[in-house]
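J.: What follows is a structure written as structure tokens; I'll ask about it next.
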Amino acid sequence: MAEQSESPVESIMEKISEKIHHHESSSSDPESDSDKKPDPSESMKAKIWRLFGREKPVHHVLGGGKPADVFLWRNKKVSAGVLGFITAIWVLFELIEYHLLTLVCHILILSVALLFLWSNAHTFINKSPPCIPEVHLPEKLVLQVASALCVEINSAFAGLRCVAAGKDLKKFLMVIAGLWVLSIVGTWCHFLTLFYICFVLLHTVPVLYEKYEDKVDPLAEKAMFEIKKQYAVFDAKVLSKIQVASLKAKKV
């Protein structure tokens, strides 16, 4: 009788707490501790909860290689140069309201004029003519970029199709909430400003998280537990009733 009187919300909350803190129950058993002593490194890995359930370092999460080195400030000169260049572009187009086509045309006019004058006046100024390199895009690189973009776009379309088909209510609500937030942010600033904000966040948040991850992860664990708790309540009170109503409608 006591088990039947428990509400579904409490049972869901117990499952969530057991899933997040399952390592505490195993470490608190004295008989298991006396029978076999675990490796200290494995026990430390089991106790540490990482954000988004990751098991690899931040450098590997960001893809590794040179882009991850830039975002994590492995080479401070390169990272500062990239951030300064993007900042200059943002100031030029957003604050000064310079246009991209005008800028490209002015740069090409200046470059072509200087090279033309230098090529025709090198005999008078006793200097060698300018060495103009041949610039061409490698076909293999272009095909790789196009293939990667095609895979990502197709996966996005497949995800949207799955959401629109009504197979996953949780994913549907997440997509709607994300698009709604983006629509609100779009009214606050232009696309270039939004891109610049995201770029600055990529240059600051990962390196700060990598430096203070031992302090951030416990706070993130508490926040994730609270989010799961609220979602369990919402699922028990709202989503379950919607699913039951939809099943009844299909039967009718």
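J.: Among the residues of the range 188-198, is there at least one that is open to solvent by less than 50 Å² (accessible area, probe 1.4 Å) and either aromatic (Phe, Trp, Tyr) or over 29 Å from ALA88 (Cα atoms) (or both)?
T.: yes
J.: Moving on. Output the number of residues of the range 80-105 satisfying the condition of being assigned to a helix (DSSP H, G or I), more than 25 Å from the chain's Cα centre (by Cα) and surrounded by 13 or more Cβ atoms within 10 Å (Cβ to Cβ).
T.: The number of residues fulfilling the criteria is 3.
J.: If we keep just the residues of the range 106-128 that are of a type in the set (Phe, Trp, Tyr) and part of a helix (DSSP H, G or I), which is modelled with the highest pLDDT?
T.: Filtering the range 106-128 for residues that are of a type in the set (Phe, Trp, Tyr) and part of a helix (DSSP H, G or I), the one modelled with the highest pLDDT comes out as PHE116.
J.: Report yes if some residue within the range 129-136 is of a type in the set (A, V, I, L, M, F, W, C), in a helix (DSSP H, G or I), free of Cβ contacts under 8 Å to residues at least 60 places away in the same chain and open to solvent by 70 Å² or more (accessible area, probe 1.4 Å); otherwise report no.
T.: Scanning the range 129-136 turns up no residue that is of a type in the set (A, V, I, L, M, F, W, C), in a helix (DSSP H, G or I), free of Cβ contacts under 8 Å to residues at least 60 places away in the same chain and open to solvent by 70 Å² or more (accessible area, probe 1.4 Å).
J.: State all residues of the range 62-79 that are under 17 Å from the mean Cα position of the chain (by Cα) and either in contact (Cβ under 8 Å) with a residue 12 or more places away in the chain or surrounded by 17 or more Cβ atoms within 10 Å (Cβ to Cβ) (or both); if no residue qualifies, say none.
T.: Passing the criteria: LEU62, ALA68, VAL70, PHE71, LEU72.
J.: Considering the range 202-252 alone, what residues qualify as being aliphatic (A, V, I, L, M), at pLDDT 80 or above and open to solvent by 90 Å² or more (accessible area, probe 1.4 Å)?
T.: Residues satisfying the conditions are LEU208, LEU219, ILE227.
The values are calculated or read from the model by the stated rules, or taken from the named source; none is laboratory data. The structure displayed is predicted, hence computed values, not measured ones. Positions of Cβ are generated from backbone atoms using ideal geometry, with glycine treated the same way; all protein chains shown enter the neighbour counts. When the accessible area is computed, the model is the full protein with side chains, heavy atoms only, and any ligands, DNA or RNA have been set aside. Shrake-Rupley method; radii C 1.70, N 1.55, O 1.52, S 1.80 Å.
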